[in-house]
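The values are calculated or read from the model by the stated rules, or taken from the named source; none is laboratory data. All values reported here derive from a predicted model rather than from experimental measurement. A quick note on method: Cβ atoms are made from the backbone with ideal geometry, for glycine too, and the neighbour counts reach across all protein chains shown.
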Amino acid sequence: MKPTRHLRRGAVLCSSIALLGCAPAQTLKPPATANIDCGPYSRITVAELSAKIDPLVDDAIGRGFAGGVVVMKGGDVVYNRVAGSASLTEDVPVTEDTLFNVASIGKYFVATLALKAVEEELIVLDDSVGVAAPDIKLAARGVTLTDLLAHRSGLGSTYVAERETDQAKALAAIDAASYDPEKVGTFRYSNDGYDLLSILLERVYVRSFEDVFREKILKPACLDRPQFWSAIDVTDPTVVSQPLRALSADLRKRNYAMVSALMVTAEDLARYQAALARGAVLEQASLEELWAPRGKMSIGQATFGAFLSEHPALGRKFNARGYEDWGDNAILIHYLDQDIIVAVTTSRGPAEGSGAPPFRQELSDAIEEILASDISG
């Protein structure tokens, strides 16, 4: 049976604050050089943008896509579509409220909370990890919070925290995991490092990561739809779009590789980034720290929890991305100089090893071509 399609497009409004339903904590000029107004994206109309993106989504649906695609300009939604079936075996349409696991975009969420903790003077970025875990080996090695945030701690990705539901045991497992002293100070992508950050933030706040994030980040961003992995039934397709491969019972438990796993929609992702850009969540200095380049890697510069590159037509391109081997994948892109945000969420891969690009990349790349051709005329 062909998945049922659901469509909802946002009109261009002159108040992103009204769209969000609450006032920001402060007004912050977006980190862009372009003059942002309340008109539609560049010269293209909302109808024209939809006419160009809809066929891309239609084609993806025919190949199993289930998810959402959103484009924002200057804080206003100019394209918003959800499509496909949230179940692999039944006709359960994806709706505007269907949640998606965005995988390693969780690192960007962790980094945001870390900068909030700096603002609240609970930590300093140059602090040793010993500020919250004084007895671990990594503290003796001089690893700092900045090292963890910038993927230059020497830690790798052993995923040992997936097996641990107890904080102390998860901390010990990460501390005993693979560590390469030759990589200290240089980029080495590390899931273990961000799992450790989640634990350290729990310790400095003396509360669960989930509770602190809801209060300090989601509430000022005016986002009440996202839910944490630990708070919902991730096997229920009426709540969460189901991936290609069912998860084991152990992984479905709250564990210290998944405490930062925020289940969201594509619209939530875009609004999260827009809230950051307008200063509703972090102060200007913190935002600059969050988005600052931290060292070269294969796709540009590493930032805290994400990446920064340059597009020849669109300018500075900030992006966070995630992909799980069971199918979930997502991308969040902010073209800073145009103040255009693109977000894609899906639960359907394709599966790693298939040779096909993930839907997040296929769709966002195609949308980027549309945006670039419009700007270049």
The lone exception for Val259 - which of (1) buried (at least 21 other Cβ atoms within 10 Å of the Cβ); (2) free of Cβ contacts under 8 Å to residues at least 60 places away in the same chain it fails: (2)
Options Ala306, Ala292, Ala280; residue that is outside the structural domain of Ile174 (by TED's automatic domain parsing) and over 26 Å from Thr186 (Cβ atoms): Ala280
Qualifying position, being outside the structural domain of Val234 (by TED's automatic domain parsing), under 24 Å from the mean Cα position of the chain (by Cα) and free of Cβ contacts under 8 Å to residues at least 60 places away in the same chain, among Leu145, Leu125: Leu145
Scope region 292-311; condition among the basic types (Lys, Arg) and more than 15 Å from Asp147 (Cβ to Cβ); matching residues: Lys296
Output for region 109-151, where each listed residue is buried (at least 23 other Cβ atoms within 10 Å of the Cβ) and more than 24 Å from Arg254 (Cβ to Cβ): Leu115, Val143, Asp147, Ala150, His151
Leading residue by the ranking (nearest to Gly67 (Cα to Cα)) among those in region 326-377 that are acidic (Asp, Glu) and at pLDDT 90 or above: Asp328
Condition broken by Ala249, with the remaining ones in (1) of a type in the set (Gly, Ala, Ser); (2) closer than 20 Å to Leu269 by Cβ; (3) in the same structural domain as Leu88 (by TED's automatic domain parsing) satisfied: (2)
In region 79-111, the residues that are among the hydrophobic types (A, V, I, L, M, F, W, C), out of contact with any Lys or Arg (no Cβ under 8 Å at 6 or more places or on another chain) and over 23 Å from Asn191 (Cβ atoms): Ala86, Leu88, Val92, Val94
Scope region 63-85; condition charged (D, E, K, R), over 23 Å from Ser354 (Cα atoms) and modelled with pLDDT under 95; matching residues: Lys73, Asp76
Residue within region 301-309 that is among the hydroxyl-bearing types (Ser, Thr, Tyr), assigned to a strand (DSSP E or B) and surrounded by fewer than 16 Cβ atoms within 10 Å (Cβ to Cβ) present: yes
Residue list for region 310-325, filter: in a strand (DSSP E or B) and over 24 Å from Leu262 (Cβ atoms): Glu310, His311, Gly315, Arg316
Selected residue (criterion: nearest to Phe304 (Cα to Cα)) from residues of region 175-188 that are free of Cβ contacts under 8 Å to residues at least 40 places away in the same chain and not charged (D, E, K, R): Gly185
Whichever residue in region 247-256 is over 18 Å from Leu149 (Cβ atoms) and in contact (Cβ under 8 Å) with a residue 60 or more places away in the chain and, among such residues, is surrounded by the most Cβ atoms within 10 Å (Cβ to Cβ): Asn255
Tally of residues being of a type in the set (D, E, K, R), more than 19 Å from Lys183 (Cα to Cα) and touching a helix residue (DSSP H, G or I) at 6+ places or on another chain (Cβ under 7 Å) across region 128-162: 1
Subset of region 274-289 (residues that are assigned to a helix (DSSP H, G or I) and either surrounded by fewer than 23 Cβ atoms within 10 Å (Cβ to Cβ) or free of Cβ contacts under 8 Å to residues at least 12 places away in the same chain (or both)): Gln284, Ala285, Ser286, Leu287, Glu288, Glu289
Matching residues in region 167-185 - criterion: being of a type outside the set (D, E, K, R), in a loop (DSSP other than H, G, I, E, B) and surrounded by fewer than 14 Cβ atoms within 10 Å (Cβ to Cβ): Ala176, Ser178, Gly185
